[in-house]
Amino acid sequence: MPAADAGERRPPDPRPLGGYGALTATYAALAGGAVMALRGRRDRVRALSPMDLLIYGLATEHLSRLVTKDSVTSVLRRPFTSFEKATGEGEVKEEVIGTGLRHAVGELVTCPFCIAHWVASALVVGRVAAPRFTTAAVSAFAVARLSDHLQLLYGISQGRQ
């Protein structure tokens, strides 16, 4: 592969790389802090069973969409987004605003795929730190997501979707 020409000019990168770096450092610090805080509870760390994996997956998906798309949680995203339109089923489409870190946070809080890593990590940490509470919360969010899918299927079966 040829070496890049030292005089080569690249177009400016429109991505907020500094903001991404700050978010990555924040995630790493939080994850590292959780590991350090919970290192004495190694006996509580166990692999997820296939059923746990399914339930935690449903809960992560539900929480990720709740944070990033739900109409009611728009107030949390407002400093980083601008409303575009309602998209149905209580969800909205929002445009990310601002520059730098503000824009990077906006991308994080409007992307269910991006926030899912943060949500999943929090649920797994909760599983070790507060297993009863986390099990209850994960169960509720998983049931809610399953209910959402059943509601959509019902609507389709009735010709409403």
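Read-outs: derived from the displayed coordinates by stated rules, not from any lab. Just so you know, these numbers come straight off a predicted model, no measurement behind them. For neighbour counting, all protein chains shown are included, and Cβ atoms are generated from backbone atoms with ideal geometry for every residue, glycine included.
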Karplus couplings for segment 41-56 from phi (6.51 cos²θ - 1.76 cosθ + 1.60, θ = phi - 60°), rounded to Hz, Gly and Pro as x?
10, 4, 5, 8, 7, 9, 5, 6, 6, x, 5, 4, 4, 5, 5, 5
How far apart, in nm, are two points set 7 Å out from the Cα along the Cα-to-Cβ line at Ala129 and at Arg41?
0.8
Using the Cα gyration tensor of the chain, the equivalent ellipsoid's semi-axes, largest first and to the nearest Å, work out to 32, 27, 15
Once phi is turned into θ = phi - 60°, what whole-Hz ³J(HN,Hα) does the Karplus curve with 6.51, -1.76 and 1.60 give for every residue of segment 102-118, x standing for Gly and Pro?
4, 5, 4, 5, x, 5, 4, 7, 10, 10, x, 6, 6, 6, 4, 5, 5
Listed by chain and number, the residues whose amide H is under 5 Å from that of Glu91, excluding neighbours fewer than 5 places away on the same chain and using placed H, are Ser71
May I ask you to derive the relative contact order of the chain, considering only C-alpha pairs under 8 Å and at least 6 residues apart, and to give it as an integer percent?
29
Could you tell me the calculated FRET efficiency between Asp148 and Leu54, based on Cβ-Cβ distance and R0 = 25 angstrom, to the nearest 0.05?
0.95
Work from the charge dipole of the chain (Cβ charges, +1 for Lys and Arg, -1 for Asp and Glu, about the Cα centre) and give the residue of Ala31, Val105, Gly90 farthest towards its positive end.
Ala31
Would you calculate a helix-derived [θ] at 222 nm for the chain, using -39,500 (n - 2.57) for each DSSP H run of n ≥ 4 and dividing by the full residue count, to the nearest 500?
-21000 deg cm²/dmol
